[in-house]
Structures are given as structure tokens and as C-alpha cells.
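One structure is given below, encoded as C-alpha cells.
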Amino acid sequence: MNPLTQCHKKIQSHCKRNLCGLWFPLLLLFSLLLIGQTTCSSSNSPLPPPSITSAAQPNQSTQTPVPHPEKTPLNWMGHWYGEDKRETLVRDVAQEFAFRNQDIDITLKFSAEIVGERSKVLTAAYIANMIQTGKIEWDIVWMDDQIYQMVGETLKDPNWGEKYLVNIEEVPGFAQSQKSFIIDDPTYRKQTGGILVGPYLEGYYYALYYNADLAEKIGVKIKAENMTFDDLLGYVQAVDTYNQANGTHIATFYEAADWTSLEILFQNLFKSELGDFETAREEIVSPEKQAALLKTLQAFEQLGQYHPLIESHAENDWFMTRNLVLEDKALFYINGTWMYSHWQGIDEDKTFKMIPVELPVFQEVDYYLGGYIPTWAIMKDAPHREAAIKLMMYWSTPEVAEKWVRYTKNPTGIKGNVASAATGADVFDQFQATMAEKYGGNVHYAANAGYIFGTMNSQLRPELEAGLRALLTGQATAQEIYNQLISEAKE
């Protein structure tokens, strides 16, 4: 007997006792409520929640739930943990993908949780160990051009990606999802051993950031564009003069032990001396490049005369100390446009005293330091390879590209985004718009030393970085570092 029939019988019984006038309204209300409850429980059952195991938020357990047996597991090594809206985007995509693909059970864990800290070096070592042992625990791994290079150094194979990573360009529809220059320009395949390993979501430019409060305090006006090396040298001298006059220890440049970011300054100066975009990025050695190498090393020797590095440079963990420039410890900070997300996650107000300007050059050129990089790759022997490909294709959609541009104030290599940094109002938006208008697609950054010494010597970057640090600390001369690098290069 359904609830409505039961209720009518109760009403009839009470009316026979002459209490109908009193009970009827109450019983009628009860019957309507009961009918609503019965209807909801039988015909309006909610959809089962999407299945996703995500990296823990603060105060949450990091224990990994057991996947549902009827679903395909997918183990995804995330990136951008603690990077403001970049992390938000990762979590958004995970939730959206899980909802649309409820037959897939995602385990998302950020690389920092897996290896213990945010480190490209440790991540590369972890990936190399998976390959060497054959224990592929993560279907999707964090992978950019620098991590690729580090794994190659461990495996002693610059083309290791062909053997161990999925060439996503072979997946139907992928090439059509990326902007044409990603597919047409061989530069992007060269980043990862001759194949494309994942969506080119992240575009970026490198910038010389300056702390506006310190610039005002020291009394220097920093050029926003067309800065020469001589301009930069003048700023370095001004900081040194200020410190001597006031007994202060303000550094000209922030630097870290695990990321020699002043290599970025070196690369931009070196390439500007060459004067031609194709020459600057091709991996061949030439007398012209050797001359540019010596000139750039000599420039660094000049900078080193003024004690430019932050005193803690040899101990600084980059991720843990990227806030020091916000705390007025250094005038300049050289890094990519991703720093907006990093600093926003630390202190929204202090972020906006950091002003991005163009890197200095020896001579004006029509190209700049920047580029487009993948963020993830799929292991070729991944246990859940097809599910991993499906997720990477979802990252390659216009709606994700649109969110990326809005959330991060960075360009993207994925087709379809409508949002543009040119519509923004703050200094980060303005910098993006200026770079895009001024340089277009003429952007390049080399994660190895091949652009100086040729393909055979692409793995000389650690030696170059050690030499730059020695010059900036006054421990060597430019000629000494030049001779050492040339002697170590294979002919």
C-alpha cells in the first residue's frame, strides 16, 4: 500500500470519530511531505560522484584511497602545487575530467609530494629510476624541457624520449589542437629528443623583475625596454655605491643554489650579440659564437666586481626562498612570467611591487628569450596508457586554454583561447601584451648548451653555470672560464 492510500485511510478513521476538522489539515500536510520523500527517493536519485583522489589540502590526510575495481585507474603526477591559480587549474581539470569520464579513477599527486619537495632535479632522478627499474608507478609524469635534459644526463641518452615516452603527435587530433608553430617549428621537438611529449599549454617570457620600493630607495630608474648591458652595469654599480654609503647589504641579484637563474641573463646577452634569430638558436658551434661567448663572460666578470649576488646564494633553495625579493633582499630577480602565480600565492599585495621589464642586450634585436613548453608526458609503458592519453587530450581543449590565459597571465600554445593579456590593466598583463606585439613568434630559450657549443656538447650546461657563478663571485676571470669550457667541448 502506497503512502497516499495509507494517509487517506487515517483521514477517514479520524473523521468517523468527529475529529476530522481538527486533524484533517495536519494529516494532509503529512501526506504531502511523505509523497515528496517517496518520489525523491525513487525517481530523482543523484548521479554517483566522480572518482578522484587528489593531493591533500592542508589538514587533510594524504592516504590514497583504494580505486574502485570497476574503473580504470590513472596515476597522474601533478605540477604547480602551491602556485596560486595554476594549482587551481590543475584541480579544476581533474574534477571536470573525472566527471566527464566516470569510468576512470584518477589519483592525482603532485611531484613535490612524491619526491619530498618541489625539485626538477629530484623529479628527473625519480623518472630515470622508474625507467631503469621498469617500475612505472605513474602513467603521467611532470615533464618540461629542463627535466627532459636532466633525465637524459642520468640515462646518458639525449634521445631517451623516443624509447620511453609516448609521442603524442601520433595521437589523432593532437596536431590540430596545437597552434601551428608548435607543429611546424622543429624547435619544439628538439626540446624533447625529437618527439612531442604533451600539450604545449604553457607559454612564457623571461623578464628582469625589479623591486620598485628598492629602486626608489636606491635612486635608480629602471628602463622598461631597450635596456643595454651598460644600463644594467650602471644599476649594479648604484646598488654597490648605496650599500657602501649606508652600511647595508642589499643584493643586486637574487640567486639560488639549485637554479642558476642568471644563466637566463647570460643566454639573452649571448644571443643578442649574434644579431640573427636562426643563428642564435641553431645548435652549431662557430667562430662567431665563440667570440660572443667570450664577450658575454667578460660582461659577467665586470658585474662580479660589484658583489652583485645575494649573500645566501650558495644555500638558497629556489622554491623556499623565491619570496626573498618580496622582502626587499634584492633589487633584481630574473625568471619567467610564471613568477606572477608564485608571488600571488605568497603575498598578493607585495606581488605588485615587482615590475617585469625586458632583459638587457648588447644590441637591439627582433627576438627574445621565451617559448612554449610541455608540462606532462605519458610513459610509453604506462599501465593505463589510454586513460592517460585521454586526459592529455582534454588538456588540449580550447576551454582549458582559455582558463590558462585568464588564470596565469601567460600565453599558450593550444588553439582556441579568446582571452588575451592585452585586455588586462596591471603591469604583468602589460608586459605580456608588449612582448607579444614586439616579438611575435620570435621567442626561444635553450635548456641545454647546444646553442653555444653544438649538439655534441649540449650537456655542458652545468659547467657553464658553475663558470658564471665563479665570475659573479670574483673567483675566476672570463678568459679562464672561456678556456675551460672550450677545452671540455668535443670537436
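Kindly state, to the nearest 0.05, the FRET efficiency for I284 paired with N159, given R0 = 30 Å and r defined as their beta-carbon distance.
Between I284 and N159 the formula returns 0.95.
Once fully extended, how much extra length lies between Q132 and A291, figured as 0.36 nm per residue of separation less the alpha-carbon to alpha-carbon distance?
Full extension from Q132 to A291 adds 53.2 nm.
Can you compute the FRET efficiency between D328 and E170 using 1/(1 + (r/R0)^6), with r the Cβ-Cβ distance and R0 = 45 Å? Round to the nearest 0.05.
0.35
Residues with beta-carbon under 13 Å from that of F181, excluding F181: net charge, scoring Lys, Arg +1 and Asp, Glu -1?
Around F181, the charge tally is +1.
Taking 7 Å along the Cα-to-C-beta vector as the label spot, tell me the T72-M456 distance in nanometres, rounded to one decimal.
The two pseudo-label positions are separated by 4.6 nm.
Taking 0.36 nm per intervening residue step and subtracting the Cα-Cα distance, what contour gain separates D258 from K223 on full extension?
9.7 nm
Among the listed pairs K380/K415; K223/K403; K223/K438; K135/K390, which are separated by more than 20 Å between their Cα atoms?
K380/K415; K223/K403; K135/K390
Suppose the chain between T241 and K380 were pulled fully straight at 0.36 nm per residue; how much longer would it get relative to their current alpha carbon spacing?
44.4 nm
Between R91 and D366, what is the spin-label point distance in nm, taking each point 7 Å from the Cα along the Cα→C-beta axis?
For R91 paired with D366, the spin-label model returns 4.6 nm.
In nanometres, what is the gap between the two model label sites at V121 and Q298, each 7 Å from Cα along Cα-to-Cβ?
So the two model labels end up 3.3 nm from each other.
Just so you know, all these numbers are worked out from the coordinates, no wet-lab data involved. Computed from a predicted structure; not experimentally measured. Heads up, the Cβs are rebuilt from the backbone with ideal geometry, glycines too, and the neighbour counts pull from every protein chain shown.
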